[in-house]
Amino acid sequence: MDTPNEMRMKIVGKAAEDADFRTRLLSDPKGAIGQELGVTMPASLSIEIHEESDAAAHLVLPPDSKLSEGDLQAVSGGGQSRFFGQNVDSAISDW
C-alpha cells in the first residue's frame, strides 16, 4: 500500500509526463485519480487541483491540530484511511 505522499508523487509525476492525463486531472480530478490508482473515490471526497505558474503559487496547510470526536475514534482504531488529508471510506484503504 502506498503512503498518501507516494500517491501524490505518482499523480504529480504522471501529470508531468502525460499531457492527456494532466488535462483529465484538471477537468475531473476524482475520475483521473481514481482511474490512475485503480480505486473508486467516495462521493463525499472533494479534490481540488491547482496549477502553479510564474504568477501563482499555492500553499497547502495541514488540518487544524484540534481533533474532532470522529478523528479521535479513527486514531484509536476506527479503521479509516486518509487521502490528500481527507478521511475516506474503508473501501479504498487497501491502496
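Consider region 4-42 and keep the residues that are of a type in the set (Ser, Thr, Tyr) and in a helix (DSSP H, G or I). The one that is nearest to Pro62 (Cα to Cα) is Ser27. Among residues of region 46-61 that are at positive phi and of a type in the set (A, V, I, L, M), none has a Cβ under 8 angstrom from a residue that is outside any loop (DSSP other than H, G, I, E, B) and at pLDDT 90 or above at a sequence gap of 6+ or on a separate chain.
The values are calculated or read from the model by the stated rules, or taken from the named source; none is laboratory data. All values reported here derive from a predicted model rather than from experimental measurement. Positions of Cβ are backbone-derived with ideal geometry, glycine not excepted, and every protein chain shown enters the neighbour counts.
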